[in-house]
1. Looking only at the range 1-26, filter to residues that are in contact (Cβ under 8 Å) with a residue 12 or more places away in the chain and in a loop (DSSP other than H, G, I, E, B); which one of those is nearest to the chain's Cα centre (by Cα)?
2. So which residues in the range 1-30 are surrounded by 11 or more Cβ atoms within 10 Å (Cβ to Cβ), hydrophobic (A, V, I, L, M, F, W, C) and at pLDDT below 95?
3. Give the range 46-78 a look and list any residue that's under 24 Å from Leu24 (Cα atoms) and of a type in the set (D, E, K, R), or say none.
4. Identify all residues within the range 28-78 that are part of a helix (DSSP H, G or I) and among the basic types (Lys, Arg); write none if there are none.
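The values are calculated or read from the model by the stated rules, or taken from the named source; none is laboratory data. Because the structure is a prediction, the values reported are computed rather than measured. Glycine gets a Cβ as well: all are built from the backbone with ideal geometry, and neighbour counts include every protein chain shown.
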Amino acid sequence: MTSTYRVLIIEDSLPLTNIYRQYLAKEPIELVCLETGQAALDYLEKATPHLILLDLKLPDMSGEKVLKQIKDKGSPAQ
């Protein structure tokens, strides 16, 4: 039985996002790629990924600020 994992990539560099897409296309992964911290926070209101890859320099806020907001909010399992 093959499991599908949801991976959220928060990255504003399209070339780097394309590298992630190419590499991970071989895996049983549902890949979600977003370019801004706010888009990621909005997405996380509706879904819980298994893994988040977070760029530290985003156009609208720092990756550290995104991470802090994610941690402050807590996960649904908490």
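1. So, considering only residues that are in contact (Cβ under 8 Å) with a residue 12 or more places away in the chain and in a loop (DSSP other than H, G, I, E, B), the one nearest to the chain's Cα centre (by Cα) is Glu11.
2. Leu24, Ile29
3. Answer for the range 46-78, where residues must be under 24 Å from Leu24 (Cα atoms) and of a type in the set (D, E, K, R): Lys46, Asp55, Lys57.
4. Passing the criteria: Lys65, Lys68, Lys71, Lys73.
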